[in-house]
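Structure first, then comments.
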C-alpha cells in the first residue's frame with residue numbers, strides 16, 4: 001500500500017489562509033447538517049506539567065473520509081525552536097478503510113484554527129469594524145493576523161504579548177506583508193478598549209481579558225484555552241456576551257472559558273446561542289445589532305483537521321507534492 005507523506009513545508013505550500021477559510025466554512029456547515037461523526041477527544045495530561053496529548057478522530061460522510069489527529073501540546077515550547085503543538089494527521093479512505101496519507105499536524109493546526117476564527121469574524125463582527133487586537137504573539141498570533149485580514153479590511157492591528165520583544169518581532173514581520181497599521185500595546189486593557197475585534201491566543205491558564213474593558217459592539221474570538229480548567233476570559237466577559245461555539249458538546253465538556261462561569265452560576269448551557277455551523281446553514285441567527293458583544297469560543301475540532309487533510313491529499317496528488325512510501 002502506498003502512503004502519501006506531507007511534511008510541514010508541503011502543507012504550508014499548498015494550504016493558503018483564504019482556501020482554508022473556505023474549507024472550514026464547508027466543514028462546520030456539514031457538521032451542522034449532521035454529516036459528521038465526532039466523538040469527544042480523549043486527553044492525557046502529563047503529570048507535573050501543563051503538557052497534554054490528545055487524540056482527535058472524525059468521520060465525514062460528505063467527504064467519504066476518516067481522519068485522526070495525534071497531537072501533543074507543550075506550552076513551554078513557546079520561544080524555542082519547537083512548536084507548542086506537534087503531531088500528525090492520519091487520513092483514511094472512508095469507503096474501504098485504507099490509510100492513504102500522513103501529514104504534519106502543527107502546520108494544519110496553525111492555519112485551520114485561525115481560519116475558523118476568520119469564519120466566525122466574518123459572521124459575527126460588526127460590519128464597520130476597523131480595529132483588531134491580537135492577544136498573544138506566538139504561532140496563533142501570526143496566523144490570526146492573516147485570518148483577520150483575509151476576512152475584513154481592518155485598518156489597525158494591535159498586538160499585545162507578555163513579551164514586548166516577541167510582539168514587536170511579530171508586528172515588524174507583518175508590516176512587510178500587510179498594508180494595515182500595526183502597533184504594539186503596553187497592556188491588554190490599552191489593546192482591547194479600542195478594539196472592534198479581539199482574538200485571545202495566549203497560553204494563559206488565568207483570565208487575561210476583562211469584560212469591563214470591552215467596547216459596545218465588540219466581537220471576541222477566544223482560542224487559547226482548550227481545557228476545562230483553564231481560561232483566558234473573566235466571567236464578566238462571558239456574562240456580557242452572546243456566546244457562539246464550534247460545537248456544543250465539546251464546549252460543555254472542555255471549555256474552561258464557559259465551564260468556570262457555569263460553576264459560578266453566571267452562565268448556563270442554554271445560554272449558548274448557536275454553533276457557527278448553524279449560522280452558516282441558516283438555522284440560527286448571529287449578531288442582532290451594532291451594540292451587542294459577541295463571543296466565539298473556539299476549541300478546535302477534528303472535522304476541521306479532517307477537511308484540511310482531505311483537501312491536501314487531493315491537491316498534493318494532483319500537483320505531485322509530497323513523498324509516497326510503501327507502508
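The values are calculated or read from the model by the stated rules, or taken from the named source; none is laboratory data. Since this is a predicted model, take the numbers as computed values, not measurements. So basically every Cβ, Gly included, is an ideal-geometry build from the backbone, and we count neighbours across all protein chains shown.
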Original post:
Hey, any hits in the stretch 162-175 for a residue that's in contact with a helix residue (DSSP H, G or I) (Cβ under 7 Å, 6 or more places away or on another chain) and in a helix (DSSP H, G or I)?
Top reply: yes
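Which residue, of 148, 103, 99, is within 26 Å of residue 73 (Cα to Cα) and free of Cβ contacts under 8 Å to residues at least 60 places away in the same chain? Before you say what the answer is, go through the steps one by one.
Working: 103 fails: free of Cβ contacts under 8 Å to residues at least 60 places away in the same chain; 99 fails: free of Cβ contacts under 8 Å to residues at least 60 places away in the same chain.
Testing whether each residue is within 26 Å of residue 73 (Cα to Cα) and free of Cβ contacts under 8 Å to residues at least 60 places away in the same chain leaves just 148.
Condition check ((1) touching a residue at least 12 places away in the same chain (Cβ under 8 Å); (2) over 30 Å from residue 128 (Cα atoms); (3) surrounded by fewer than 17 Cβ atoms within 10 Å (Cβ to Cβ)) across all residues:
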site: 260; (1), (2), (3): yes, yes, no
site: 267; (1), (2), (3): yes, no, no
site: 287; (1), (2), (3): yes, no, no
site: 299; (1), (2), (3): yes, no, no
site: 310; (1), (2), (3): yes, yes, no
site: 314; (1), (2), (3): no, yes, yes
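Has the stretch 273-282 got any residue that is surrounded by fewer than 16 Cβ atoms within 10 Å (Cβ to Cβ), touching a residue at least 24 places away in the same chain (Cβ under 8 Å) and more than 27 Å from residue 91 (Cβ to Cβ)? Quick ask: steps written out before the conclusion?
Residues of the stretch 273-282 surrounded by fewer than 16 Cβ atoms within 10 Å (Cβ to Cβ): 281-282.
Checking which are touching a residue at least 24 places away in the same chain (Cβ under 8 Å) leaves us with 281.
Now restrict to residues that are more than 27 Å from residue 91 (Cβ to Cβ): none.
Checking the stretch 273-282: not a single residue is surrounded by fewer than 16 Cβ atoms within 10 Å (Cβ to Cβ), touching a residue at least 24 places away in the same chain (Cβ under 8 Å) and more than 27 Å from residue 91 (Cβ to Cβ).
Does residue 40 satisfy the criteria of being in contact with a helix residue (DSSP H, G or I) (Cβ under 8 Å, 6 or more places away or on another chain), in contact (Cβ under 8 Å) with a residue 12 or more places away in the chain and farther than 19 Å from residue 106 by Cα? Break it down into steps so the answer makes sense when it comes.
On the way: in contact with a helix residue (DSSP H, G or I) (Cβ under 8 Å, 6 or more places away or on another chain): yes; in contact (Cβ under 8 Å) with a residue 12 or more places away in the chain: yes; farther than 19 Å from residue 106 by Cα: yes.
Taking the combined requirement at face value, the residue satisfies it.
If the requirement is being at pLDDT 95 or above and surrounded by fewer than 20 Cβ atoms within 10 Å (Cβ to Cβ), which of these qualifies: 232, 212?
Details: 232 fails: surrounded by fewer than 20 Cβ atoms within 10 Å (Cβ to Cβ).
Result: 212 is the single residue among 232, 212 that is at pLDDT 95 or above and surrounded by fewer than 20 Cβ atoms within 10 Å (Cβ to Cβ).
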